[in-house]
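A quick write-up on the structure given underneath.
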Amino acid sequence: MRHLGLITVLVADYDEAIAYYAEVLGFELRSDLPVHEPGKPNKRWVVMAPGPDAQTGLLLARAEGERQKARIGDQTGGRVGFFLYTDDFAADHSRLEQAGATFEQEPRDEPYGRVAVLRDPYGNRWDLIEPAPGKRPA
């Protein structure tokens, strides 16, 4: 196997999620196709990625049923579940703030790099990270 391709993120509404990930986080829409599954009208295959060279993307999945709806925004039990790596922390942090991203705290330096935690509109927690010199993402 070569890489992790997609990670599912449960969302309440496809279009609302596409708008957030595109307009605030700056992701690109890679796919938005209808899925023809009996009994599931308006199901779509929606994939977003942080850039044209990204190997891993997000599959935005509209939650179905009470069990999935209860997990929106809490797929990781409140832990940071998603990690965005950047080569220019200051520029990306500023751009995200101006676009309306909600940061939980001020940026801080850790042994692995500069980091700030943000929440998406659903409550999922994300780290914005610029790796420390000599430290590369795993």
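Kindly provide the set of residues from the range 27-51 that are without any contact (Cβ under 8 Å) to a residue 40 or more places away in the chain and aliphatic (A, V, I, L, M), ordered by number.
LEU29, LEU33, VAL35, VAL46, MET48, ALA49
Could you tell me whether the range 10-26 includes any residue that is open to solvent by 40 Å² or more (accessible area, probe 1.4 Å), under 14 Å from ALA61 (Cα atoms), within 11 Å of the chain's Cα centre (by Cα) and touching a residue at least 40 places away in the same chain (Cβ under 8 Å)?
No, the range 10-26 contains no residue that is open to solvent by 40 Å² or more (accessible area, probe 1.4 Å), under 14 Å from ALA61 (Cα atoms), within 11 Å of the chain's Cα centre (by Cα) and touching a residue at least 40 places away in the same chain (Cβ under 8 Å).
Where the second residue is open to solvent by less than 50 Å² (accessible area, probe 1.4 Å) and part of a loop (DSSP other than H, G, I, E, B) and the first is of a type in the set (S, T, N, Q) and lies in the range 117-133, which pairs have Cβ atoms under 6 Å and are six or more apart or on separate chains?
Within 6 Å, the pairs are ASN124/GLY73.
List the residue pairs whose Cβ atoms are under 6 Å apart, where the first residue sits in the range 59-87 and is at positive phi, the second is open to solvent by 60 Å² or more (accessible area, probe 1.4 Å) and modelled with pLDDT under 95, and the two are 6 or more positions apart or on different chains.
Listed by first residue and then by second, the contacts come to nothing, as the list is empty.
When you go through GLY134, GLY73 one by one, which is the residue that is in a loop (DSSP other than H, G, I, E, B) and surrounded by 16 or more Cβ atoms within 10 Å (Cβ to Cβ)?
Result of the check over GLY134, GLY73: GLY73.
Does TYR21 satisfy being touching a Phe, Trp or Tyr at 6+ places or on another chain (Cβ under 7 Å) and either under 30 Å from PRO131 (Cα atoms) or at pLDDT 95 or above (or both)?
yes
For residues that are open to solvent by 60 Å² or more (accessible area, probe 1.4 Å) and part of a strand (DSSP E or B), scanning just the range 33-61, find the one that is modelled with the lowest pLDDT.
Once the filter is applied, the top-ranked residue is LYS40.
The values are calculated or read from the model by the stated rules, or taken from the named source; none is laboratory data. Because the structure is a prediction, the values reported are computed rather than measured. Cβ sites come from the backbone with ideal geometry, for glycine too, and all protein chains shown count toward neighbours. In case anyone asks, the SASA skips ligands and DNA or RNA and just uses the protein heavy atoms, side chains included. Shrake-Rupley method; radii C 1.70, N 1.55, O 1.52, S 1.80 Å.
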